[in-house]
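Read-outs: derived from the displayed coordinates by stated rules, not from any lab. From a predicted model like this one, the values you see are computed outputs, not experimental measurements. In this analysis, Cβ positions are derived from the backbone assuming ideal geometry, glycine residues included, and neighbour counts consider all displayed protein chains.
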Amino acid sequence: MTGPDRRSMSAPAVRCALAALLALGGILALGGLLAPGGLLAPGPAAAQETLSQSGSTVEIPRPPPPGRTGLPLPRFVSLRADEVNLRSGPGTRYPIDWVYRRSGMPVEIVDEFDTWRRIRDWQGTEGWVHQSMVQGRRSVLVIGQRRTLKRRPEAAAAGVALLDAGVIAALESCRDDWCQVSAGGYSGWLPRDSLYGLYPGEEIR
């Protein structure tokens, strides 16, 4: 795996700084280095709705509104290709602001227009990509620090591998505070709060 390589067409210095930072991550098996990764920031919490019942105020979860495709917004997806152009608007006539070079990286779809999807990445940057450049397959990014991939969803369980911040992992399932992921040929469990690409309380089966 390689670290996220995102470049600004108008600010190459920013791209170089990011590349230098993200090259520090990776997966370390209990015996060797497998691949590099990157860093990220957490996504937003789910919306809430306030109702009045018998003079008291009660907050209940509100499902996200559907987009033009009938799917909820926002929602997590992953990048389909190793090169994805992020444009300032929904069409090829709009300039390219960034180029992503990491297939499988989780992003949020926050809006839809025709065959274009407005996405938000792990840094909070938003822009438009063609629908063919994203896929429904879920993935996550390890955040914060190096994490130990556990054999079972328990803090005391034996370790399988070490995953550095920024490693992309395929998301398999989530059970309470733990999620089962796979990366670099290893499968195991990580705490939910060590991953970007999930909404609070979201169930994955």
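Footprinting exposure proxy ranking of ILE168, ILE119, fewest other C-beta atoms within 10 angstrom first, gives ILE119, ILE168. Label separation (LEU71 vs GLU126): 1.8 nm, computed from points 7 Å beyond Cα along the C-beta direction. One quarter of the surface of the convex hull around the alpha-carbon atoms of segment 87-203 equals 7.7 nm², the direction-averaged projected area.
Peptides 183-192, 123-132, 151-160, ordered by how many other C-beta atoms sit within 10 Å of their residues on average, highest first, read 183-192, 123-132, 151-160. Semi-axis lengths, largest first, of the ellipsoid equivalent to segment 65-143 are 17, 16, 11 Å, with √(5λ) applied to each eigenvalue of the Cα gyration tensor.
Quick one: length gained pulling ARG152 to ALA81 fully straight, 0.36 nm per residue minus the C-alpha distance?
Working: separation 71, 0.36 × 71 = 25.56 nm, distance 3.18 nm.
Here the answer is 22.4 nm.
For segment 68-108, the spread of Cα coordinates along the three principal axes comes to 28, 23, 11 Å, biggest extent given first.
Counting Lys and Arg as +1 and Asp and Glu as -1 over every other residue whose Cβ lies under 12 Å from the Cβ of VAL160, the net charge comes to +4.
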